[in-house]
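Heads up, the thing below is written out as structure tokens.
The values are calculated or read from the model by the stated rules, or taken from the named source; none is laboratory data. Source: prediction; values computed, not measured. Glycine gets a Cβ as well: all are built from the backbone with ideal geometry, and neighbour counts include every protein chain shown. Just the protein is used for accessible areas: all its heavy atoms, side chains included, with ligands, DNA and RNA removed. Shrake-Rupley method; radii C 1.70, N 1.55, O 1.52, S 1.80 Å.
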Amino acid sequence: DWSSDVCSSDLKDNDSCTGTSATVNIKVNATPSSAFSLDGHACTNDDDTLTYTGSAGNTATYTWDFDNGVVLMGGGQGPVVVQWDTAGNKTITLTVSKNGCQSQTTHTMVVDSTPTPNFTVRSPVCEKEADTVFYTGSASSTAKYTWNFKGATVIGGSGQGPIYLNWKTSGTKDLKLVVKENQCVSPVYYVPVDVNPVPSSSFFMDSVACAGSGVTVNFKGSGASTTFNWDFDSGTVSSGSGPGPYSITWNTDG
């Protein structure tokens with residue numbers, strides 16, 4: 001407070017006045033750091049870790065904005081594990097508050113789509129029979145396609161396909177595919193294909209017979225549980241069915 005008679009007792013020759021000094025103590029709090037680190041690139045449905053690199057301490061308040069990311073684990077100072085289910089540029093912001101002071105840091109994360117490596121293939125097929133693999137996933141033709149055809153011979157096609165192949169051996173073949181695009185790697189996708197053995201149709205009999213006399217036909221192939229379609233060229237079947245043996249009679253020569 002100042003009086004109307006400002007400094008009469010201290011009037012100097014140069015008409016200047018000298019007053020008393022006052023001191024006020026002010027506590028200046030440190031502005032907390034909101035720095036954090038992250039990868040500049042991520043893939044949809046992959047786990048991404050954000051790490052706080054400041055030093056505000058546990059008593060500070062940490063407010064994250066993950067731009068629609070889903071927090072899988074962590075909070076506060078973190079680390080925080082986040083996942084995005086859509087592609088695009090994601091703006092991530094951290095606001096740190098402590099003792100009435102506040103700072104804010106923002107980073108941009110590029111999230112690319114993780115490929116979906118679906119494909120279709122015919123099953124069952126027979127040994128050495130051509131089969132075709134059709135890709136039905138989401139990646140582009142320029143992506144990297146890593147196929148495992150379980151010993152098949154590739155007749156034609158590559159990458160996204162269609163791919164034409166066959167197997168020389170029977171059994172269940174698990175076809176597998178992994179697709180990589182924009183640094184994003186798909187999960188392994190597989191489809192089982194049942195490859196059946198080709199039955200043998202060989203048989204034996206006497207090469208010469210007499211009209212009106214019976215001849216025995218013996219099956220010596222494989223595949224006894226299959227369907228047998230015999231053609232005896234007008235011969236009369238006296239006995240036998242399925243794989244035989246058969247007793248056959250021809251009434252005419254030739």
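When Lys and Arg each count +1 and Asp and Glu each count -1, what net charge do the other residues less than 13 Å away from Asp112, Cβ to Cβ, add up to? It works out to a net charge of -3.
For the stretch 138-254, relative contact order (Cα pairs under 8 Å, six or more residues apart, normalised by length) works out to 18 percent.
A 1.4 Å probe, protein heavy atoms only, puts the accessible area of Ser113 near 70 Å². Using alpha carbons only, the radius of gyration of the stretch 96-203 set against its Kirkwood radius gives Rg/Rh = 1.35. Solvent-accessible surface (1.4 Å probe) assigned to Tyr62 amounts to roughly 40 Å². Rolling a 1.4 Å probe across all protein chains gives Lys180 an accessible area of roughly 100 Å². Only Lys, Arg, Asp and Glu carry charge here, each on its Cβ (+1 for the first two, -1 for the last two); on that basis the chain has a dipole of about 880 debye about its Cα centre.
The local environment of Trp250, defined by Cβ-Cβ distances under 14 Å, has a net charge of -4 under the rule Lys, Arg +1 and Asp, Glu -1. Once C-alpha pairs closer than 8 Å and six or more residues apart are averaged by separation and normalised to the residue number of the chain, the relative contact order reads 12 percent.
For a modelled paramagnetic label at Thr61, 7 Å from Cα along Cα-to-Cβ, the residues of the stretch 14-43 in reach, with backbone nitrogen under 19 Å, are 29-35.
Among the protein heavy atoms of the chain, carbon and sulfur supply 47% of the accessible surface, probe 1.4 Å, non-protein parts ignored. Each of Val217, Ala87, Leu72 was scored by the projection of its Cα onto the charge dipole of the chain, and the greatest displacement toward the positive side belongs to Val217; charges sit on the C-beta of Lys, Arg, Asp and Glu.
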